[in-house]
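Read the figures in this text as sums done on the coordinates, not as results from a lab. Predicted model, so just to flag it, every value in this text is computed and none were measured. Methodologically, a virtual Cβ is constructed for each residue, glycine included, from the backbone with ideal geometry; neighbour enumeration extends over all protein chains shown.
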């Protein structure tokens, strides 16, 4: 490794630091492979009682995967994109099933793949700078890294709302939805790490330092979210939002209409399907979806508009929800045969 991810044994803690601060600690294929190897090693090391993961710098915990590299691979027809997703999802599953406490210290931006290396762990500790989102519909993709598992398990229909809109959550809302478990102010996170390193159990150390961050703004919209986003078609959700008279509903509908119509429809099916199946099956489903995304157009156009040219004006194809057929949606979920995710 060239320092993209750092590993340190600090007392009883196996400490992972994602170390690409200029890239908001975005994950590369080499990083996820190295993290899985180290987790396996620490699982058998009796001196390591807890794994802690954090991001370098002040801006981000982890802003997701290195999506530009993935898109370039898909366009060129190389194996990097599928290799990255395969090993990233294997890492996500390993975190979920890890036999030791796994604690994420989340400061700054946590999006996409950043949730994959945090939400599946035992503890997700946020500070006042934390900012969560799953913004994939805006780049012609879908909430992966187990999003089909953890989003349907948010309260009510909050998960589908987050998936379709890519809405950003501060620490209070992250706690409200269950994406985070505890709030510890930034000035106390070093003390938290030290206490665990010195042999204190994570639960006891967190309890000693955790605070109440205040009320969650999302709670004020919960009744409407549950009533509108329980509908089983994106166009029906938009119609219901249009029938409301408040600013929040109008703004939410406008945001959804900027997203890839294909992504919106496959995400609705994804979130509904994920509610009743375990994480490993969700990851298998997402790998099928990701594999089919590479053969489409919207993902590359979304990355161009948001990441490369940054004109924020993607030209989606198809351009409307009505032009996205049920058959086209279903194709994203078909089995891959011998190319299924190897969990």
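Couple of notes before you dig in:
- Available extension along the chain between residue 272 and residue 307 is 9.7 nm, counting 0.36 nm per residue and deducting the alpha carbon span.
- Virtual spin-label span in nm between residue 247 and residue 58, 7 Å along Cα→Cβ: 3.1
- Shape class for segment 7-67, computed from the alpha carbon gyration tensor (a ≥ b ≥ c): oblate, with a/c not under 1.5 and a/b at or below b/c.
- Three-way shape label, segment 79-163, alpha-carbon gyration tensor, a/c 1.5: rounded
- Using alpha carbons only, the radius of gyration of segment 122-279 set against its Kirkwood radius gives Rg/Rh = 1.04.
- Computed over the chain, the Cα gyration tensor eigenvalues convert (square root of 5λ each) into semi-axes of 32, 24, 17 Å, ordered from largest to smallest.
- Burial ranking of peptide ranges 109-122, 262-275 (average Cβ count within 10 Å, highest at the top): 109-122, 262-275
- Amide N of segment 122-153 lying under 19 Å from the label point, which is placed 7 angstrom from the Cα of residue 232 along Cα→Cβ: 152-153
- Spin-label pair residue 334-residue 321: with each label point 7 Å from Cα along the Cα-Cβ axis, the two points sit 2.6 nm from one another.
- Extension gain, residue 43 back to residue 100 (0.36 nm per residue minus Cα-Cα distance, nm): 19.8 nm
- For the chain, a Gaussian network of Cα nodes joined below 10 Å ranks 278, 185, 101 by mean-square fluctuation, and the top entry is 278.
- Exposure proxy ranking for 6, 279, based on other Cβ atoms within 10 angstrom of each Cβ and starting from the fewest, stands as 6, 279.
- Rough spin-label spacing in nm, given labels placed 7 Å along Cα→Cβ, for residue 194 and residue 255: 3.9
- Segment 229-325 shape via C-alpha gyration tensor axes, a/c threshold 1.5: oblate
- Take the Cα radius of gyration of segment 290-343 and divide it by 2.2 N^0.38 Å, N being the number of residues; the result is 1.38.
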